[in-house]
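Note sheet for the following structure.
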Amino acid sequence: MKALLLSEYNKLEVTDIVGPMPGPEELLIQVAACGICGSDVHGYDGSTGRRIPPIVMGHEAAGTVVAVGSAADGFSPGDRVTFDSTVYCGACDFCRAGDINLCNNRQVIGVSCGEYSRAGAFAEFLTVPARVAYHLPDELSFPEAAMLEAVSVALHGVKVAEMKGDETVLVIGAGMIGLLLLQSARSRGVNATRVFVADVDPTRLKLANSMGAEATFLASGQALTDEVMKRTQGRGVDIVLEAVGHNETIATAIDCVRKGGTVVLVGNISPQVNLPLQKVVSRQIRLQGSCASAGEYPEAMRLMAAGKINVASLITAVAPLADGPSWFERLHAREPNLMKIILDPRPKAMESL
Ligand SMILES: [Zn+2]
Ligand SMILES: [Zn+2]
């Protein structure tokens, strides 16, 4: 089968490799769409150590079931499916508590990190355990389904914020996840929930406006704090959803939240930041990390199928697998205005199916 192989760091090639066979509990899936994740781009050059070559990357995918393992229930050849990018064990304490994102034996599809290596979906076929697969509703196209991981991550960030409704929320960072956090907060909160969005890129803020932001701020640091205080009568917002993860944006998040409020930390570009400890303690701020997702896929599918979360405007291009190497280069070079790039590994004749 054709696959986009990371043969060495910074070197991707479309090549023929031996296709996988499904184990008893697995599904063999023909991939119809697989999104390029930021983590793939960061792994591609070796900076994260999570894509050790040789590896076929890709974990944001959807496709059609081709074969079903003897012990895999609930699926038949021809079914349109997607799957959770996290392969969890289902047996550890965390899995039993429903925190599958914290599984002790967690593996991510399309990752190779020294502890394990698991082939991903930038290929014509891949196998996944049936327990992480989901039937796709008819309303969702394959490219839209490739956005489910990102939507689930955003829904999880909003879930751990423990919104009660009627809150003011600030999203810092209007990239892919930030814009989905905005839509998730609006779909999870009650109607009165107001969501502000801040970024330093006006094009992204335009998207935020079209996705229901109450107001957008082209500002950072003290200027952003001033704007937020003006809009909240000097009180600060109830919840900040931080989707960047730099020193400055974390400090601003803490400045913008009200006393007793919550800052959800989703972005983590910097492995370490300075913590304004006294502000956090004396204003009793809750800092809440949010990692991946934990069972939000069905809700993400429901909200997208119902049109409550819209991803179409976040998809920059759907391209054949052969274009994968050049798209990785462009993403790695941080070309402006690129959101999600989705690769379709199917032979040309099947692409319209
Ligand atoms: Zn991803
Ligand atoms: Zn587990």
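Can you confirm whether Val158 is closer than 15 Å to Ala213 by Cβ and more than 15 Å from the chain's Cα centre (by Cα)? So Val158 does not fit the description; no.
Do you know which of the residues in segment 49-75 that are assigned to a loop (DSSP other than H, G, I, E, B) and of a type in the set (D, E, K, R) is nearest to ligand 1 (Cβ to nearest atom)?
Arg50
If you go through segment 90-116 and pick out every residue that is under 28 Å from Leu5 (Cβ atoms), part of a loop (DSSP other than H, G, I, E, B), open to solvent by 20 Å² or more (accessible area, probe 1.4 Å) and free of Cβ contacts under 8 Å to residues at least 24 places away in the same chain, you end up with 4.
This table checks each residue for (1) of a type outside the set (Gly, Ala, Ser); (2) more than 20 Å from the chain's Cα centre (by Cα).
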site	(1), (2)
Gln284	yes, yes
Leu287	yes, yes
Ala300	no, no
Met304	yes, no
Ala322	no, yes
Met339	yes, no
Pro345	yes, yes
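Any residue that is at pLDDT 95 or above, open to solvent by less than 10 Å² (accessible area, probe 1.4 Å) and under 17 Å from Ser293 (Cβ atoms) - is there at least one of those in segment 63-74? No, there is no match, as no residue in segment 63-74 is at pLDDT 95 or above, open to solvent by less than 10 Å² (accessible area, probe 1.4 Å) and under 17 Å from Ser293 (Cβ atoms). Every condition in (1) within 18 Å of the chain's Cα centre (by Cα); (2) more than 16 Å from ligand 2 (Cβ to nearest atom) holds for Leu102 except the one numbered (2). Please determine whether any residue of segment 125-137 is within 14 Å of ligand 2 (Cβ to nearest atom) and in a loop (DSSP other than H, G, I, E, B). No, because not a single residue in segment 125-137 is within 14 Å of ligand 2 (Cβ to nearest atom) and in a loop (DSSP other than H, G, I, E, B). Any residue at all in segment 214-229 that's in contact (Cβ under 8 Å) with a residue 60 or more places away in the chain and within 21 Å of Lys340 (Cβ to Cβ)? No, there is no match, as no residue in segment 214-229 is in contact (Cβ under 8 Å) with a residue 60 or more places away in the chain and within 21 Å of Lys340 (Cβ to Cβ).
Search segment 76-87 for residues being away from ligand 1 (no atom under 16 Å from the Cβ) and touching a residue at least 12 places away in the same chain (Cβ under 8 Å), and hand back the single one that is least open to solvent (accessible area, probe 1.4 Å). Here the residue is Val81. Glu248 satisfies every condition listed in (1) open to solvent by less than 20 Å² (accessible area, probe 1.4 Å); (2) under 19 Å from Asp199 (Cα atoms) except (1). Scanning segment 101-125 for residues that are of a type in the set (Lys, Arg) and out of contact with any helix residue (DSSP H, G or I) (no Cβ under 9 Å at 6 or more places or on another chain) returns a single hit, Arg118. Among the candidates Pro54, Pro129, the residue that is under 23 Å from Met1 (Cα atoms), more than 19 Å from the chain's Cα centre (by Cα), open to solvent by 30 Å² or more (accessible area, probe 1.4 Å) and not small (Gly, Ala, Ser) is uniquely Pro54. Of the residues making up segment 277-304, those that are within 19 Å of Ile177 (Cα to Cα) and small (Gly, Ala, Ser) are Gly289, Ser290, Ala292, Ser293, Ala294, Gly295, Ala300.
The values are calculated or read from the model by the stated rules, or taken from the named source; none is laboratory data. Everything numeric in this text was worked out from a predicted model, so none of it was measured. For neighbour counting, all protein chains shown are included, and Cβ atoms are generated from backbone atoms with ideal geometry for every residue, glycine included. Areas reflect the complete protein model, heavy atoms only, side chains present, ligands, DNA and RNA absent. Shrake-Rupley method; radii C 1.70, N 1.55, O 1.52, S 1.80 Å.
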